[in-house]
Amino acid sequence: MSMPVEDLDTPSLLVDLDVLERNVEAMAAVARDAGVGLRPHTKTHKSPEIARMQVDAGASGITVAKLGEAEVMIDAGLDDVYVAYPIVGAPKLERLGALLERAQVRVSLDSVEVAEGLGRVGKDVGRDVPVLIDVDTGLHRMGREPGEPSARLALDVAAVSGVEVIGLSTHAGHAYRATDPVELRRIGEREAIGVVETAERCAHEGLPIGVVSVGSTPTARIAAGVDGVTEIRPGTYVFNDVQQMRLGVATEAACAARILTTVVARPTAERFLIDAGTKSFSGDGGDGPPLPGRGFVAARPDLIIDFMNEEHGVGHLVGDTELRIGDRLEVIPLHVCSAVNLFDSAFAIRAGEVDREIAITARGMVR
């Protein structure tokens, strides 16, 4: 469907194919060089097409956040899936049972109660459900502390009939609060070391751990180099966003996803409005140094987006610069994962031309 980008209506989600392909290969090389597996989190792109690109580049499987995402990916032929979320309730357990008949599916949890539900599914399908124990390495979301608390939970879960503890998993989301590279490295190393030491504790108690799974996009390159880690699960790296730029993990040139918008108003000499707000970008991700604003206008550091309503982005001009009604801007989202979830498809761009549309098939799959 070759057509100039200029012919697209706005707002539209753009994905630069050259940048996307470089990002996919770069993280695959990180995993290869470190001798660890790569199981990327597909909640960033929610697209079987892009997941297939990651697998073709060397990923051993994929990670999803919800069963709905798993169903979309398995329907598309991706058959090695980690659901990094506790599965609770009869409807979800029934759906999990159906998926286990079709693909290799592993699940994370942090309680015996969830394990008991999974165990009933395992008995129904005739084989143990593989599970990973969530370890809290500092985010304080799911899991218990590393070491004895998490090892004790792993042993208790292993005693549940119908499940098999195959590994430990963590997500160091608190890395996004790092203020400099030194703090980011410290968080990444502690993330990995905490899970590795928990695995050693489990082995000492008679429970061998085969999978030690770590690594968000900010910490994946750091954690991959820690002895004992077997797998990294970054997600945002395929597109990158302003959060990664602020952390120094990505540059503007490495941001593959942008939202194409049109300037629709110039109420004052300093103010401008674009035709995309929180219903295109989401309200996720905070303003902060060293890149101010509610999104980064690519190639236009003289434009700052100050705030967004549902359908409006409102910004101001810095210095003596020009901007007219009808001008089109490409804006890098603060948090690309939640922005992508607002679009049915992305326009894949190569050399200024629309190459094709990429379906965001798993968007809205929150159950």
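Values quoted throughout were computed directly from the atomic coordinates according to the rules given, and no laboratory measurement underlies them. None of these values were measured; they are calculated from a predicted model. So basically every Cβ, Gly included, is an ideal-geometry build from the backbone, and we count neighbours across all protein chains shown.
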Rounded, prolate or oblate: which fits the range 161-244, taking a ≥ b ≥ c as square roots of the Cα gyration tensor eigenvalues, rounded meaning a/c under 1.5, else prolate when a/b beats b/c?
prolate
Per-residue ³J(HN,Hα) for the range 350-361, Karplus 6.51 cos²θ - 1.76 cosθ + 1.60, θ = phi - 60°, Hz, x for Gly and Pro
9, 6, x, 10, 6, 7, 5, 9, 10, 6, 8, 5
Sort TYR176, TYR82 so that the residue with the fewest other Cβ atoms within 10 Å of its own Cβ comes first and the one with the most comes last.
TYR176, TYR82
Can you find, among LEU168, GLY206, LEU139, the residue sitting farthest towards the positive end of the charge dipole of the range 18-238, where Lys and Arg contribute +1 and Asp and Glu -1 at Cβ?
LEU139
Mean Cβ neighbour count within 10 Å, used as a protection proxy, ranking 234-247, 146-159, 55-68 highest first
234-247, 55-68, 146-159
So if we plug the beta-carbon distance of ARG328 and ALA90 into 1/(1 + (r/R0)^6) with R0 = 56 Å, what FRET efficiency do we get, rounded to 0.05?
0.70
Charge dipole (debye, nearest 20) of the range 139-249; +1 at Cβ of Lys and Arg, -1 at Cβ of Asp and Glu
380
The answer for ARG144, listing residues at least 5 apart or on another chain whose modeled amide H is closer than 5 Å to its amide H, is ASP136
What is the sum of charges around SER2, taking Lys and Arg as +1, Asp and Glu as -1, for the other residues whose C-beta is under 14 Å from the C-beta of SER2?
-3
Express in nm, to one decimal, how much length is gained between ARG152 and THR10 on full extension, taking 0.36 nm for each residue of separation and deducting their alpha carbon distance.
45.8 nm
Ratio of Rg to Rh over the range 1-129 (Cα coordinates, Kirkwood Rh, two decimals):
1.07
With bins of 10 Å, the percent of all Cα-Cα pairs of the range 18-238 per bin from 0 is 9, 35, 37, 17, 2
Looking at the range 299-367, I'd like the Rg to Rh ratio, where Rg is from alpha-carbon atoms and Rh is Kirkwood's inverse mean 1/r.
1.03
Based on the mean of other Cβ atoms within 10 Å per residue, sort peptides 91-101, 2-12 so the most packed one is first.
91-101, 2-12
Taking the mean number of other Cβ atoms within 10 Å as a proxy for protection, how do you rank 126-134, 183-191 from highest to lowest?
126-134, 183-191
